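The values are calculated or read from the model by the stated rules, or taken from the named source; none is laboratory data. Computed from a predicted model, the values in this text were never measured in an experiment. Positions of Cβ are backbone-derived with ideal geometry, glycine not excepted, and every protein chain shown enters the neighbour counts. Accessible surface areas use protein heavy atoms only, side chains included; no ligands, DNA or RNA. Shrake-Rupley method; radii C 1.70, N 1.55, O 1.52, S 1.80 Å.
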Amino acid sequence: MSTTSPQLADIPDLLRCETTSTDEILARASERTEAAYPHDLVYGDFCTIQDYIDCPPEEVFDYLCNINNLDEYTVSTRGFAPTATPDLYVGRDTLAPDTKIYMTLKPNREALTLDYHCAWDQGEELWMIYLFRIVPAQQVLGKPGSVVIWSNCHHPNYDKNPYPELAPSPDRIWVGDLWPLFYAGHRIELDNLKTILEYRHSNGLPISVAPAPEATPKTGPEAAR
């Protein structure tokens with residue numbers, strides 16, 4: 001068996017074919033495979049859900065890129081409208097009373113990726129990042145349609161509200177308090193997304209029926225901070 005390269009020799013705990021037999025690698029993989037996993041181990045710092053949707057990937061991408069469609073498939077975010085800041089929207093998150101949620105979308109059509117950058121109460125630091133990737137199902141499952149992969153990472157702000165003075169009331173629940181429910185909550189929303197898109201696609205209906213966001217920036221108390 002060859003030895004490891006000089007560039008890697010000082011880095012501990014690597015498991016590579018150059019230094020470890022195939023039998024040992026498979027044994028180590030088996031040791032890491034459990035019949036069941038604690039919730040915190042699987043969803044402690046990262047929360048990823050995925051599903052197959054019988055709808056063309058470009059249509060799924062376009063649907064997700066229309067911020068007004070969050071009114072349809074999400075559980076609680078409603079009424080996004082443009083702010084005075086370009087590409088920044090503000091809506092309501094009905095999970096908590098009188099709570100605004102600010103969001104900007106960062107799409108990449110060529111890669112079929114889309115990031116929602118958002119935050120409660122303020123629009124200057126959008127630290128809640130929702131990562132979407134739409135994969136052509138023909139490439140990975142051998143059939144038409146899309147695979148949607150949706151990930152969130154546990155930013156430290158989930159543990160402590162960085163702007164408590166902006167909360168509508170001192171006793172309001174914080175979005176980070178809901179992190180243990182993110183998997184189940186986002187699973188419900190992905191199920192909604194799948195149901196809506198497959199119904200419309202299978203019936204030959206327009207996939208995205210929500211109007212595009214208003215072009216005129218919003219002014220007054222709803223505008224961006």
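Among the residues of the stretch 115-154, which ones are over 16 Å from Thr74 (Cα atoms), open to solvent by less than 50 Å² (accessible area, probe 1.4 Å) and hydrophobic (A, V, I, L, M, F, W, C)?
If the condition is that a residue be over 16 Å from Thr74 (Cα atoms), open to solvent by less than 50 Å² (accessible area, probe 1.4 Å) and hydrophobic (A, V, I, L, M, F, W, C), then Leu126, Trp127, Ile134, Val135, Ala137, Val147 are the ones that fit.
Taking only pairs six or more apart or across chains, which ones have beta-carbon atoms under 7 Å, a first residue in the stretch 206-217 that is at pLDDT below 80, and a second residue that is assigned to a loop (DSSP other than H, G, I, E, B)?
Matching pairs, first to second residue: Ala212/Asn66; Pro217/Thr83; Pro217/Ala84.
What's the total number of residues in the stretch 158-173 that are surrounded by 13 or more Cβ atoms within 10 Å (Cβ to Cβ) and either of a type in the set (S, T, N, Q) or without any contact (Cβ under 8 Å) to a residue 40 or more places away in the chain (or both)?
Residues in the stretch 158-173 being surrounded by 13 or more Cβ atoms within 10 Å (Cβ to Cβ) and either of a type in the set (S, T, N, Q) or without any contact (Cβ under 8 Å) to a residue 40 or more places away in the chain (or both): 3 in total.
Has the stretch 16-34 got at least one residue that is closer than 24 Å to Val147 by Cα and either touching a residue at least 12 places away in the same chain (Cβ under 8 Å) or open to solvent by less than 70 Å² (accessible area, probe 1.4 Å) (or both)?
No: zero hits.
Restricting to the stretch 55-103, give me the number of residues that are part of a strand (DSSP E or B) and open to solvent by less than 20 Å² (accessible area, probe 1.4 Å).
10
So which of Pro38, Pro6 ends up being open to solvent by 50 Å² or more (accessible area, probe 1.4 Å) and either more than 30 Å from Asp93 (Cα to Cα) or among the hydrophobic types (A, V, I, L, M, F, W, C) (or both)?
Answer to the check: Pro6.
Could you grab the pairs with beta carbons closer than 8 Å, sequence gap of 6+ or different chains, first residue in the stretch 64-90 and on the phi > 0 side of the Ramachandran plot, second one part of a strand (DSSP E or B)?
Here the result reads Gly79/Gly91; Gly79/Arg92; Asp87/Thr104; Asp87/Leu105, each pair linking the stretch 64-90 to a residue that is part of a strand (DSSP E or B).
From Gly123, Gly142, which residue is out of contact with any helix residue (DSSP H, G or I) (no Cβ under 7 Å at 6 or more places or on another chain), in contact (Cβ under 8 Å) with a residue 60 or more places away in the chain and not β-branched (Val, Ile, Thr)?
Gly123
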